[in-house]
Every structure is written in structure tokens, then in C-alpha cells.
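The values are calculated or read from the model by the stated rules, or taken from the named source; none is laboratory data. Source: prediction; values computed, not measured. In this analysis, Cβ positions are derived from the backbone assuming ideal geometry, glycine residues included, and neighbour counts consider all displayed protein chains.
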């Protein structure tokens, strides 16, 4: 136990502020949230993440949001297992034909406002997988998208910035 | 029947007239009559060889029919056996009677290529879901990949269990965490798992077919996205296969840079898995600390190589990034600091009774079962299998910088974690040795164009395990077929077997200890 405590003190606080240049990876589309809703989400946002056909690189970088450097919980952001509790659906990958039904079901199970944020180049336009018998292309071919976070994969800082931008956070 | 050389054994047992040697391109290849394809498997099985991969190709562009292929390994020897199939009804006798691993390879061949494995015990398509038209065979040349598939009514027949108190737990495809999708169906009594059946294919995005519409150069980018966590190893396997098909060697320094990237990828992923294993047993201290070490490596990757995961840095012909003197110094300094921190954490990890309580004995896969299924990589080595393509298929520079053999026998979640722990140490050592001995020279040379009908084979030890890649050039030298076998395509079978009689709540931990790829499996 002492060794654990010692290591925790040695490590200290490593969380970093977000750099403003990360905003260049973010593209907002569609309507913005009402002010009252925005204020609620600013301190407490619950996300359901769905991999609709990704190569897993975007998942690695979304995972990193939980590490002490990006520490998404400082913004009140948590990931939930159930879409029923989710304010935002974070989608990666081209939409694989075999995942289309499951993705729509996750979306249908969410309460309003059903924000959808598409992460990565594949979620934008299918990326290198394109559109084919097995891939529907970008997420917008299946769901209404509120924001795109570009990159292959986008960095954790870009993803965090994009999530905050999608809810209109002033941070 | 053991002979020093399985190739010579096969030729002598089948008769030279029945075993025509193909030109060498990464591994020796034998062409045998279709009637002897299964006989070859039987002979190889009795000679203690492992079935690594099995696939079919559509050779109609050459005026031929379909062909079936199988790659085997024993010790340092890989060989490929192929048969041309009859035009009217392409089929071959199943290898499942001899090799368990053939079970899914052949379901996939039947579903996606429409070539039948006669006598296969399970005719349900694999990867191809029940709502696809039955006659859609995307890997055939006659199939237009650009056309969207209509969705049809279909039903997947799950394995059922009956009896008092038996119930079923369906999980997925959307899982609880930030993780890839797949479906697990448990048959359980109380907390005890009677059977687990996996249904995968949810992230099938037509990768193998996609290769056929790209150039060999573009293909490297796609290979780097077969499984994003294994981008270096997959791009390397692809590049080696293409280079072997061209009869070309990348510049020596490029091979050394590739190995350095490969070992860094191994360290990053093992650290991530150790973090995730700690998280799954609620040891959040370990989760954050290992995660921090991984993040440090990724940031150095970004600084030195321009990409955190090192995507698109390996391609046929070499690499796109070199190690500068400054970069070398940075890696040496970082590795030193990292390993010091790492050893402190491993001391804490090894001294934690609650970790041991969860990990020891969970998801145990016996060496006998692992051998039977041909389990590879970390999961294989945790179950007593001496399998490491860096040692057995020593592509440059692993003939000069030799990885340590790390093999445990208990086959449980603990062993799989501990193999990773040792491999992080070994990859750190290898990285330093690679930097120290790295030869000077060019890092890229354009490979010659592939001639029609050229074939290339490769095996690369990614962080999960052995990746097999096989490429075939069509008329005009363009890609005709690109087969990828991620280690997960074998190791998913091992997960099913390892959790029998375990508790349902231990499954997430056992699953994490394998950490199989969905995308690499589904392609």
C-alpha cells in the first residue's frame, strides 16, 4: 500500500489543458443545442460509444480520454454502457452493413436530444474502406450527425475538443 | 513420422508426380491434385505441423477455376499447399477432421467465396450474416463490390442447451465499454458457463475485396487499417508478401527501422492491455499508471515518426521515416526512464493479492487444447506453445537481433498477462539493441512491378501473434487476391474453449486477457 501511495505522489497531477489549435479537426454540422440544454451538458455529459465498423484505432484514442493526461471527467464527461442514459452517441468507423441495424437500435434507444458525433475519417465518408457491399460509407448515411472529428485516427485532444464543441461548451 | 523437413516428407509421401513445387516466394509451395489436398493435411498433422491458414482464390481471370490453399508451420518451416478445383462444382474435402482451426477458415471460404468444404460439420456461413442473399459471394471475380447488398430474411441457428436451470445470456454486438462489436452467447447454469458461442463478422467491411481494387502501393494503407492497434505489423506482413512476390528485398536499414516500430507497437499494446486488465479487476491504480506509460510512448511516436500509432510508415519497398541521431538519443533516454517506472509498477502488480485472486486459474487453456487448435501469439505462449514468427520465420533483422523465448504453461489470464509483462521487457531490450546495431543506408527502394500470377507469402509476429499474408497478382500484375489471417482468426476459438466451466462474471477479464481483434478477424 505504501508503495502505491508513494507512486501516486511521485506521479502528481499530469492532466493537461486543451490546446486551441485542436479545433481545426472539428466540423460542426446541423442545428446547435438550446442554451438551457447546453448549460446542463457543460458539466455533465454521458456518452455511449458505438464502433460501427472501425479498425479499432479510433477506439484506442477514445480510450485515451480516460487516461490521466486527457482526463475527460474533469469536464463531467463519462461513458455509459446503456444508450438509454446517453446524451451523445460517439460513432467510429464506416458503417459496416453487418452493424447498421445495431447502430440504429442504439440510436433509437437514446433519449433526446440524441446528439451524434462521428469520429475519424471513416465515420466521415467511409475512409479507405469507401462504400461497398459491406460498407455503407460515413455515419451520415444512416444517422443525423451533429459534428465530425477528423483524423485517422484523431488525437485524444482533438476528440475531447470535438465533444466539447458539439455541446457548445465555452471551455 | 517425423522428418527434419516437412516439405521433403510431403514430396516423398505423395510422390514427386503428385507434388509440383511452385516457385519460392516467401515459403515453399506445393501444388497437389485436389484429391490429395486432405491427404497432405493428414500427413502434415501426423508430422506435428500446425495449420496456420486456409483460403480460396478465384483464378478465373487466368482462365482457370478456383483454387484452395493451406499454410502450415512446424518449427522454423512454413509451407503452402494448394490444389486447383474443378470448374463446375468447386469443392474440396474438409480439413476439419484433422485440424480444428479449419473449422472457421472453411466456413469463411464457403460463405465468401462459394467454394464448398465437403463434409464440414457446420454449414452456417461465417462473417456472412444471415440477412445476406445466400448466393452473394463477394470474393468471386464475378461479384461487383460496388453494389449494395439487399437485406433478406434469415435466421442464425444458435447452438442450444437444454435441461433444468439452463439459461442463455446474449451479449452484444454493442458491448458495454469502448470496444469493438461482436456477439457472445452463453449457455449457463447459475454462474457457471456451460458453453460460449461467438458470432462475429459485425465489422466486416470487405477488406480483402477492397485490396483487389487498389494498387499495391495503396494497399499498404489499407493493410495498416486491418486492425488499427496492429497497424505496423499488418502493414509489414503485407509489404513483405508483396516484396516476396516481386522477389525483392527492401534496403537493410528499412528492415531494421521496421523492427524498431514493430517492437514499439508491441510495448504500447501490452501496456494498454496490462492497464485494461488492472481496470477489469478494479485495480484503477494500475489502469492509470500503465496507461500513462503507454501515452508517453505514443507521444514519442508522434514526435519522432509523425503519427501516434505509426500508421502508414511501413510500405512495400521500405519505410517512410528514418531514425535521426536525435531520435535515437530520445528513444534510448525514454526507454531507460520508462523501464525504471515499469519495474516499480510490476513490483506493485506482482505483490497484489486481489489481482492474483482474479487472474490465477481464470480462463485456463491447457497446452494440449492450445496445440490442438493451433493457438498463436501471446495466448499460445501462455499455454506452452513455442510459437513466435520472429524466431520461426526470422525475417530481417530477427536473424541478428533475437527475441527471447517467453513460454508459460498455466494458460490462464495470469499467464497471458505475465507473457506480456516479460515481452515489454524484451521489446525494450530489442529496441535498444536494434538502435545500437542499426546499419546505415537507404530506407526505401521502389520494388519492381509484379508479374502476372506472381504470389507472395509472409508471416510476421505482431503484438497479438502471428499474422499470415498471401498476395497474388492478376493479369497485368494488379492485385488478384490478398489474403490476411490475423492471429485472432485462430485465437477467438481458443477464447470459447478457455471459459468453459468458468464463472460468467470472469468472462470480461478472460476476454481482455486474450484481447482478440474483431476488425482483424472480420476483415
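Could you tell me whether any residue of segment B:411-418 is touching a helix residue (DSSP H, G or I) at 6+ places or on another chain (Cβ under 7 Å), touching a residue at least 24 places away in the same chain (Cβ under 8 Å) and farther than 22 Å from residue B:277 by Cα?
Looking for residues that are touching a helix residue (DSSP H, G or I) at 6+ places or on another chain (Cβ under 7 Å), touching a residue at least 24 places away in the same chain (Cβ under 8 Å) and farther than 22 Å from residue B:277 by Cα, one finds none in segment B:411-418, hence no.
Is at least one residue of segment B:268-280 away from every other protein chain (no Cβ under 11 Å), modelled with pLDDT of 95 or more and within 22 Å of residue B:394 (Cβ to Cβ)?
The answer is yes, given that some residue of segment B:268-280 is away from every other protein chain (no Cβ under 11 Å), modelled with pLDDT of 95 or more and within 22 Å of residue B:394 (Cβ to Cβ).
Give me the helices (runs of 4 or more DSSP H) completely within segment A:18-111, filtered to those with at least 1 residues that are at the interface with chain B (Cβ under 8 Å from one of its Cβ atoms), ordered by residue number.
Counting at least 1 such residues, we get A:57-63, A:100-108.
Can you go through A:101, A:142 and tell me which one is closer than 19 Å to residue B:519 by Cβ, surrounded by fewer than 20 Cβ atoms within 10 Å (Cβ to Cβ) and without any contact (Cβ under 8 Å) to a residue 24 or more places away in the chain?
Sole residue among the options that is closer than 19 Å to residue B:519 by Cβ, surrounded by fewer than 20 Cβ atoms within 10 Å (Cβ to Cβ) and without any contact (Cβ under 8 Å) to a residue 24 or more places away in the chain: A:101.
What is the one condition in (1) surrounded by 15 or more Cβ atoms within 10 Å (Cβ to Cβ); (2) facing chain B (nearest Cβ under 8 Å); (3) within 24 Å of residue A:158 (Cα to Cα) that residue A:4 does not satisfy?
It is condition (3) that residue A:4 fails.
Taking segment B:176-193 as the search range and keeping residues that are facing chain A (nearest Cβ under 8 Å) and surrounded by 20 or more Cβ atoms within 10 Å (Cβ to Cβ), which one is farthest from residue A:72 (Cα to Cα)?
B:181
Out of (1) more than 29 Å from residue A:107 (Cα to Cα); (2) without any contact (Cβ under 8 Å) to a residue 12 or more places away in the chain; (3) assigned to a loop (DSSP other than H, G, I, E, B); (4) touching a helix residue (DSSP H, G or I) at 6+ places or on another chain (Cβ under 9 Å), what's the single condition that is false for residue B:214?
(2)
Under 9 Å from the mean Cα position of the chain (by Cα) and crowded, with 24+ Cβ neighbours inside 10 Å - does that describe any residue in segment B:491-514?
yes
In segment A:127-143, is there at least one residue being within 14 Å of the chain's Cα centre (by Cα), assigned to a helix (DSSP H, G or I) and more than 10 Å from chain B (Cβ to nearest Cβ)?
yes
Does residue A:153 meet the test of being under 22 Å from residue A:73 (Cβ atoms) and within 12 Å of chain B (Cβ to nearest Cβ)?
When the stated conditions are applied, residue A:153 passes them.
Could you identify the single residue in B:452, B:447, B:505 that is at pLDDT below 95 and either closer than 30 Å to residue B:286 by Cβ or not in a helix (DSSP H, G or I) (or both)?
B:505
Tell me, please, whether a residue that is under 22 Å from residue B:183 (Cα atoms) and crowded, with 22+ Cβ neighbours inside 10 Å can be found in segment A:71-89.
yes
Somewhere in segment B:325-339, is a residue in the same structural domain as residue B:445 (by TED's automatic domain parsing), surrounded by fewer than 19 Cβ atoms within 10 Å (Cβ to Cβ) and in a loop (DSSP other than H, G, I, E, B)?
No, segment B:325-339 contains no residue that is in the same structural domain as residue B:445 (by TED's automatic domain parsing), surrounded by fewer than 19 Cβ atoms within 10 Å (Cβ to Cβ) and in a loop (DSSP other than H, G, I, E, B).
Quick check on residue B:398: is it farther than 21 Å from residue B:462 by Cα and touching a helix residue (DSSP H, G or I) at 6+ places or on another chain (Cβ under 6 Å)?
no
Of everything in segment B:352-381, what is under 28 Å from residue B:97 (Cβ atoms) and surrounded by 24 or more Cβ atoms within 10 Å (Cβ to Cβ)? Give them in sequence order.
Residues satisfying the conditions are B:363, B:365, B:370, B:373, B:374, B:375, B:376, B:377, B:379, B:380, B:381.
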